[in-house]
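One structure below.
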Amino acid sequence: MNVYDSLKMESLLNPHGFNLTLDEKNADLIILNTCHIREKASEKVYSELGKIRLNYLATKPTVVVAGCVAQAEGEQIFKRAKNVDIVVGPQSYHNLPKLLEKVKRNEKWVIDLNFDEKNKFDNIEMLNNPKHSSFLTIQEGCDKFCHFCCVPYTRGKEYSRKIPDIYREAIQLISKGAKEITLLGQNVSSFYGYDQDNALRSLGWLIKKLSKINELERIRYITSHPKDMISEELFIVHAEEAKLMPFLHLPAQSGSDKILKSMNRNHTRDFYFQIIEKFRKYRPDIGFSSDFIVGYPGESDKDFEDTLNLVEHVGFSQCFSFKYSPRPGTPASIIEGQVPEQVKSERLMTLQSLLKKQQLQFNEQFNGKTINVMFQKPGKYKNQVIGKSPHLQSVIVESNVDIIGEIKKVKISKINLNSLVGKVSN
Ligand code: SAM
Ligand code: SF4
C-alpha cells in the first residue's frame, strides 16, 4: 500500500513541477513514506533522516515524513529530527501541494494528520503508471483492533471506495498498460463499496465486474482477514473466474487458540482450517501464504508448537514471519508475559526453516511443467527477464526479444527456493 501511496504522491506532485529523480543528492524535495508496523521499520526513518541531514547540507532539500510513522509520532518527529519540514499522515497526503506552499512561505513544522480518506482518493489521478502489474487501493483502514497492531490507529477506520471510482481507476491503469491489477486493502475481504444505484457490492462482485474488461488479464487481492472469508460469492468467483489468480494471502498469525484469543483475532485455528479446506474445494490448485508472529506475549512452547502444527497441516507456498514487536499504545505492549528476545529469535528460525521447506516443496511440483508467466522486469544478467507465475512465484527466463508486459508459456526446468527457471515455449 505504501508503494501505491508513493505513486499517488508522485502523480499528485507532477503538475506542481516535481519529477521523480534518481539523483537523490540534487533533489529539491525528499519524501520518506514510512511504515510503523514494527519498531525496526519505524526506527529506520530516523537513521534515514540523519543521513539526509549530513549528506545534503549544501542543497538543503525540503524534507517530508509521510505515512504511518508520521501519523503515530506527529510533532515528536520535528523534535527528534530538526531537518524535517512537513509531517503528513497517510490519509492527508493529497494536501501536500498546500503544505509545500506553507514551507515556501517559511512556515515551520507544517503538519497534517487529518483522516479524510474520501478526499484523498477523489483528488488524485494516477498520471504516471507505466506498470504492467498495478496496485489499486479499494479499501483502507481497519476496525478489527488486533491487540498487537498499530494500523487502526495510523490508518483510521475501515473505508471502502465507491464502485464507479474504482472502475474508473482500473480503466485508467489498463489504458496505461496494466494487464494485472492487485486490489489492495488492509482488510480487503471486508470490502463493501457503494455502486451507482446505492447497492452495496462485495469483493467477489467487484472481481467479477473487473474480469469482464477484456484487456485485463490477471486479478489478485491482498490482504484478507480469516474472519471475513464467509462470502459464498468470493469462493464461487475463485472457482469460476480464470482471471483471478489461484493464490491467497490469508494471515493466520498463530496456530494457538489461546494466543489467537489474546491477539483479538476473533477466530479459532479450526475456523482457519475450514476456510482453507473450502477454498481448496472450490479451487483445488490454489496456493496459500500467511503472516505469522512469534513470541507474542504469553506464547508458551506449546503455543508455538501449535503454530508449527498449523503450518504442517496447511502447507503454504510462501509466507512472511516476524518476531513480535511491541507497538506503543497497543494493548499487547503492556500485557504480562513478554517473551525474551532470544526465545523469539529461536522460534523464528525454527518456523522459517519449516516454511522454507514447504516453499521448496510447493515449487517442486512445477518442475518440468509449462505455466503461464507474466513478464515484468529485466533480470540481473544480460537477456534475463523476470516474471510472475499464477501462484506469484518469480520465474526467470532468457530472451533476446522484449517480452516485458507479455504473458508467455514457460517450460520450467529448474527449481529454487525463491524462483523457478525455465524457457519460453512457442
Ligand atoms: N490486515 C492484515 C491481517 O489482519 O492479517 C495484516 C496487515 S499488517 C499491516 C501486516 C502484518 O504485520 C500482520 O499480518 C502481522 O503479521 C505483522 N504485524 C503487525 N503488527 C505486528 C507487531 N506488532 N509485531 C510483529 N508483527 C506485526
Ligand atoms: Fe492490524 Fe490486520 Fe488486525 Fe487490522 S486486522 S488490526 S490491520 S493485523
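Values in this text are rule-based calculations from the coordinates and carry no lab data. The model shown is predicted, which means the values in this text are computed figures rather than measured ones. As a convention, Cβ positions derive from the backbone with ideal geometry for all residues, glycine included, and neighbour counts pool all protein chains shown.
Pull out a ≥ b ≥ c, the square roots of the eigenvalues of the alpha-carbon gyration tensor of segment 63-119, then state rounded if a/c is under 1.5, prolate if not and a/b is larger than b/c, and oblate in the remaining case.
Numbers: a/c = 2.48, a/b = 1.16, b/c = 2.13.
Note, shape of segment 63-119 comes out oblate.
Within segment 165-246, antiparallel bridges make up roughly 35 percent of the DSSP beta bridges whose residues both belong there.
Looking at segment 1-101, which GluC sites (Glu not before Pro) are DSSP coil and have at most 13 other C-beta atoms within 10 Å of their C-beta? Of the GluC sites (Glu not before Pro), the ones in loops of segment 1-101 whose Cβ has at most 13 other Cβ atoms within 10 Å are 75. Label separation (residue 106 vs residue 377): 4.3 nm, computed from points 7 Å beyond Cα along the C-beta direction. Identify which of 252, 66, 81 has the largest mean-square fluctuation in a Gaussian network model of the chain, with springs joining Cα atoms closer than 10 Å. Largest GNM mean-square fluctuation: 81.
Among 207, 52, 219, the largest mean-square fluctuation in a Gaussian network model of the chain, built with springs joining Cα atoms closer than 10 Å, belongs to 52. Here segment 169-303 is described by how far its Cα atoms reach on the three principal axes: 52, 32, 27 Å, from widest to narrowest.
At a Förster radius of 30 Å, what calculated FRET efficiency corresponds to the Cβ-Cβ distance of residue 301 and residue 333, to the nearest 0.05?
Details: r = 23 Å, r/R0 = 0.75.
For residue 301 and residue 333, the calculated efficiency is 0.85.
Of all aspartates and glutamates in the structure, the ones whose alpha carbon falls short of 20 Å from that of residue 243, not counting any fewer than 8 places away in one chain, are 169, 180, 215, 217, 232, 233, 285, 406.
Give the cross-link partners of residue 104 among the lysines, using a straight C-alpha distance below 30 Å as the criterion and excluding same-chain residues fewer than 8 apart. Correct list for residue 104: 8, 25, 44, 51, 60, 79, 82, 118, 120.
Taking every alpha-carbon pair in the chain and binning the separations at 10 Å intervals from zero gives 4, 19, 28, 29, 17, 3, 0 percent. Restricting the calculation to Cα atoms, every distinct pair contributes to the Kirkwood radius of segment 338-424, found to be 14.2 Å.
Shape descriptor for segment 92-209: Rg over Rh equals 1.02 (Cα atoms; Rh from the Kirkwood inverse mean 1/r).
Please report the antiparallel percentage of DSSP beta bridges with both residues in the chain, rounded to the nearest 5.
The antiparallel fraction comes to roughly 40 percent.
Ordered from longest to shortest, the equivalent ellipsoid semi-axes for segment 237-369 are 29, 17, 12 Å, each the square root of 5 times a Cα gyration tensor eigenvalue.
What length, rounded to one decimal in nm, is gained on full extension from residue 285 through to residue 16, with 0.36 nm per residue of separation minus their alpha-carbon distance? Spell out each step's value before the answer.
Details: separation 269, 0.36 × 269 = 96.84 nm, distance 4.76 nm.
Roughly 92.1 nm would be gained on extension.
Could you check which residue among 22, 200, 360 shows the biggest mean-square fluctuation in a GNM of the chain with a 10 Å Cα cutoff? Residue with maximal mean-square fluctuation among 22, 200, 360: 22.
Evaluate Rg over Rh across segment 1-71, taking Cα atoms for both radii and Kirkwood's formula for Rh. Expressed as Rg/Rh, it is 0.97. Partner lysines whose Cα lies under 25 Å from the Cα of residue 414, excluding those fewer than 8 positions away in the same chain, are identified as 356, 357, 369, 377, 380, 382, 388, 423.
Rounded, prolate or oblate: which one fits segment 5-128, using the alpha carbon gyration tensor with axes a ≥ b ≥ c (rounded when a/c is under 1.5, else prolate when a/b beats b/c, else oblate)?
It is rounded, given that a/c, with a ≥ b ≥ c, falls under 1.5.
Which percent, nearest 5, of DSSP beta bridges in segment 275-426 are antiparallel? Around 70 percent of the beta bridges assigned by DSSP in segment 275-426 are antiparallel ones. By the rule of a second cysteine Cβ within less than 4.7 angstrom, the chain holds isolated cysteines at 35, 68, 142, 150, 319.
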